[in-house]
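These notes concern the structure reproduced below.
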Amino acid sequence: MNYKKIILLTCAAVITGCQMGAPATAATDSSPEKAKTESAMPTTETTKQETSSHKEATVAELNAFAEGNSKILSSQQGDLSGNGMQGVVLVLDHPGSGAEMLGEGTPRSTLLLMRDSAGQLQKVKQNDRLVPCAQCGGMAGDPFGYVRVDKGGFTALIEGGSRERWSDEYAFKYSAEQQDWLLDKAVRAVTDTETGEEKQIELTGKDFGTIRFEEFDPKTLPKVEGK
């Protein structure tokens with residue numbers, strides 16, 4: 001027998017068996033595309049922060065801002081700053097003495113609430129002149145009409161009067177440059193309920209310049225003739 005041939009065949013069989021029995025090594029993908037994808041995936045902490053900033057305020061959270069026996073007159077939630085985060089426009093009615101005459105009383109407070117990085121609701125702006133007192137609407141009663149939240153801002157309607165019914169609609173928009181809510185437009189109107197005559201003026205930033213929400217006072221704007 002050819003011993004050299006037997007030895008060669010034996011070695012070949014041993015080598016083949018070693019190769020077949022060796023454990024497979026998992027392939028690793030170190031491509032730039034995978035690294036980019038992994039870095040773009042949100043972390044658990046980031047997801048928690050985003051969830052907190054997008055959730056609506058609870059009744060308990062809102063009641064915490066009604067201090068000193070004040071009551072919530074209106075609360076509207078929505079995308080106040082236009083970045084997808086939930087905010088709140090909260091109107092508070094403060095207690096009076098009970099002896100106020102027509103046209104007398106404490107103006108309401110309008111608060112803008114946003115969540116901080118920890119998800120806690122915080123007051124970021126306040127105005128005590130936008131919404132008048134409950135007795136300040138004349139014979140028409142309470143002058144507060146409504147507050148409506150639009151994407152990137154909000155609108156408030158105030159109205160009252162007797163024979164001459166007046167209404168003021170104020171729209172505020174968030175300015176990313178100013179990092180504040182600015183008066184965007186004001187529509188003031190008067191209607192004579194007996195004659196049906198209507199008068200209206202529409203004012204924009206070209207008329208009143210830059211007015212921040214917390215500094216806004218309706219008295220500084222031009223009035224409609226007859227109001």
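The values are calculated or read from the model by the stated rules, or taken from the named source; none is laboratory data. Computed from a predicted model, the values in this text were never measured in an experiment. Here the Cβ is made from the backbone with ideal geometry for all residues, glycine too, and neighbour counts use every protein chain on show.
If the condition is being of a type outside the set (A, V, I, L, M, F, W, C) and either surrounded by 11 or more Cβ atoms within 10 Å (Cβ to Cβ) or at pLDDT 95 or above (or both), then the range 196-211 contributes Glu197, Glu198, Lys199, Gln200, Glu202, Thr204, Gly205, Lys206, Asp207, Gly209, Thr210. Once the range 164-195 is narrowed to residues that are of a type in the set (A, V, I, L, M, F, W, C) and closer than 18 Å to Met139 by Cβ, the residue that is surrounded by the fewest Cβ atoms within 10 Å (Cβ to Cβ) is Ala189. The one condition from (1) within 21 Å of the chain's Cα centre (by Cα); (2) closer than 24 Å to Val190 by Cβ; (3) not acidic (Asp, Glu) that Val88 does not meet is (2). Only one of the listed residues (Val149, Val124) is surrounded by 15 or more Cβ atoms within 10 Å (Cβ to Cβ), farther than 30 Å from Arg163 by Cα and either touching a residue at least 60 places away in the same chain (Cβ under 8 Å) or more than 20 Å from the chain's Cα centre (by Cα) (or both). That residue is Val149.
Annotation: of all residues in the range 171-222 being small (Gly, Ala, Ser) and assigned to a strand (DSSP E or B), the one that is farthest from Glu159 (Cα to Cα) is Ser175.
Of the candidates Leu112, Leu92, the single residue that is in a strand (DSSP E or B) and closer than 17 Å to Phe172 by Cα is Leu112. Condition first: of a type outside the set (S, T, N, Q) and within 19 Å of Tyr170 (Cα to Cα). Can you find one or more residues in the range 115-125 that meet it? Yes, that holds for at least one residue. Count of the range 179-224 residues, restricted to those that are among the hydrophobic types (A, V, I, L, M, F, W, C) and either farther than 18 Å from Asn127 by Cβ or touching a residue at least 60 places away in the same chain (Cβ under 8 Å) (or both), is 8. Filtered by the rule that a residue be among the basic types (Lys, Arg) and assigned to a loop (DSSP other than H, G, I, E, B), the range 132-153 gives a lone residue, Lys151.
The condition of being among the basic types (Lys, Arg), out of contact with any Gly (no Cβ under 8 Å at 6 or more places or on another chain), part of a strand (DSSP E or B) and touching a residue at least 12 places away in the same chain (Cβ under 8 Å) holds for only one of Arg129, Arg165, that being Arg165. Here Ala99 does not qualify as surrounded by fewer than 18 Cβ atoms within 10 Å (Cβ to Cβ), more than 20 Å from Arg212 (Cα to Cα) and at pLDDT 95 or above. Glu225 satisfies every condition listed in (1) modelled with pLDDT of 95 or more; (2) assigned to a loop (DSSP other than H, G, I, E, B) except (1).
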